[in-house]
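The values are calculated or read from the model by the stated rules, or taken from the named source; none is laboratory data. Since we're looking at a predicted model, the values are computed, not measured. FYI the Cβ positions are ideal-geometry reconstructions off the backbone, even for glycines, and counts take in every protein chain you see.
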DNA sequence: CTGAAAGCGCTTACAG
DNA sequence: CTGAAAGCGCTTACAG
């Protein structure tokens, strides 16, 4: 036998028609048990595998999902946020569980989004993941929607924007962690991370924080300084913040990576964490439990998130209607939010 | 126009044959510049995209690579080793750069390896990644080889086993880090991690260590305790090690995750790192720079590794012969290997 | 430079 | 329960 076996080869050997082979291999109840067994055993012997290209072409479905991770335009290619890597892991697992293959690709926002996976019939649907400037890609989402692409989005749940999104409750996360700091006696807050609609996830965290603050009777809004999700950006932002000379005893960061940068800045300036300034993060990446002091943060259940994302997308592909979903945020208390203030 | 546009629709609109459309879209020099432009502009208008299933079926090449990450059988599904996640990132990037899509999947070793990606023509080649018991999958590799699957393997470069492998020089890494510890005055060594042919990567690191030791005139072999690559496993192994009561002042760990567990054990036992016992790891994951004290480790250049893996595989697919490749290991000195011994 | 035709390897109505 | 046939949407020899 030269080259790979095809269903015709099997048909020939089994003495049946090729259509019957196809049916038998797909376990069609239409075909006689005996014939089916015979065909299947020959297929196994020949190490036959159905050609997915042919099958997908014919069925107009590839049983494949595509994961698009878009990255902060400014982040160097050195490192991807560990949080997304962890999401990637859980999405991979969830896809396999649902019987779908997973295509993975990173997108620089600058690219001419070649999210062609569905247009080219390589994937049946797309999962979109990543922080980044929401305004920049909003019209790309609209375009996807208009082309009737099946897709789900990780991030901010928002009725306004196109597509189904799954997200952790960022407002709740920001609220909870701030409330905790207030209980610990903190009074003067700063927030580091983009707090506007360009960054809806960060913005929600910020709004949650403000809510907790106003509930506690704080008069002033917290100081806020922009930063993207990198350690360096967090470091720079903290330096800028400190140079203002404003009084503060707690810094809420939009992500753990930012928080790690902030802690480095505070160490450089010889400010004690948490005695002088408490620092908290968001995401609960592995490194957060090893910082000095260990970082208090908000955990997002990536396993569950990946599952929801995949399941929703699969439902969408099957033509079912889907609702956006909001997952709870969990506070992880470690030492960086710390001790009571010494007055 | 109902449904997606096909090359026939374009042919119709452009007033040429479908074959010409196909040629024009692939920029064939055979077709008249004018015709080509016309076809391409119509295609753009219709938002036409070639169907990859049809095209792959016809060309017998999918321009897709598959990445198979196999995991430690015992590791819970909670976490993938950050080192592999980082490899995954660089492989994704490298694939895109080479013009290939990337299919990602995790394999439990227990599974009936459905590495069917190439058999089903869904991928042109496979990248294999992961620690794990080498003996367990050796025959699977042999089978891949026998089926003439194109694949590259990350891990131990070894003439014996089937397939092309790319690896960091684990022997060199183990050698360098041990040598460094010897210079710092350490005398009594232990190694934590599987040191036998089931785990060729760890074994090489171990052998590098032994070489440095014997070169320095150490008489005895280091104590060695098995552990898989998880924090918990490292913790357990260290506890076991400490319970032996053996004299030691340096623990060399086969991975950072193991080292992190070992450090936790030493803290629990109130042993000062590095004053009483130095600890070093391997992989240079992000968390390693935040441990207390920061972990001395060996860095593997994942960006380069991903590139080599992808490039070698692509060459293999093109029918070129390939050689295994060995990348250098880089020592990353932090504080856990530490201060001079106080005597 | 262009077109008509064959064929990649399947799945699935249609007819029996 | 089975077979002959059509067709998924391309690419590429072949002929002109």
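Structural remarks
- Members of the stretch B:103-136 that are closer than 20 Å to residue A:90 by Cα, within 12 Å of chain A (Cβ to nearest Cβ) and modelled with pLDDT of 80 or more: B:103, B:104, B:105, B:106
- Restricting the search to helices (runs of 4 or more DSSP H) fully inside the stretch A:8-100 and requiring at least 2 residues that are in contact (Cβ under 8 Å) with a residue 24 or more places away in the chain and more than 16 Å from DNA strand C (Cβ to nearest atom) gives A:82-97.
- Residues that are surrounded by fewer than 24 Cβ atoms within 10 Å (Cβ to Cβ), in a loop (DSSP other than H, G, I, E, B) and touching a strand residue (DSSP E or B) at 6+ places or on another chain (Cβ under 7 Å) within the stretch A:206-237 comprise just one, A:222.
- Residues being free of Cβ contacts under 8 Å to residues at least 60 places away in the same chain, touching a strand residue (DSSP E or B) at 6+ places or on another chain (Cβ under 6 Å), buried (at least 20 other Cβ atoms within 10 Å of the Cβ) and within 14 Å of chain B (Cβ to nearest Cβ) are entirely absent from the stretch A:326-336.
- Meets criteria (away from DNA strand D (no atom under 13 Å from the Cβ) and buried (at least 17 other Cβ atoms within 10 Å of the Cβ)) for residue B:67: yes
- In the condition set (1) within 21 Å of residue A:57 (Cβ to Cβ); (2) at pLDDT below 90, residue B:52 is compliant with all but (2).
- Within the stretch A:171-205, the set of residues being touching a residue at least 60 places away in the same chain (Cβ under 8 Å), closer than 17 Å to residue A:336 by Cβ and assigned to a helix (DSSP H, G or I) comprises A:173, A:174, A:176, A:177, A:178, A:180, A:181, A:205.
- Residue match in the stretch B:238-253 (condition: part of a helix (DSSP H, G or I), away from every other protein chain (no Cβ under 14 Å) and touching a residue at least 40 places away in the same chain (Cβ under 8 Å)): yes
- Residue A:80 falls short on exactly one of the conditions (1) at pLDDT 85 or above; (2) facing another protein chain (nearest Cβ under 8 Å); (3) touching a helix residue (DSSP H, G or I) at 6+ places or on another chain (Cβ under 8 Å), and that condition is (1).
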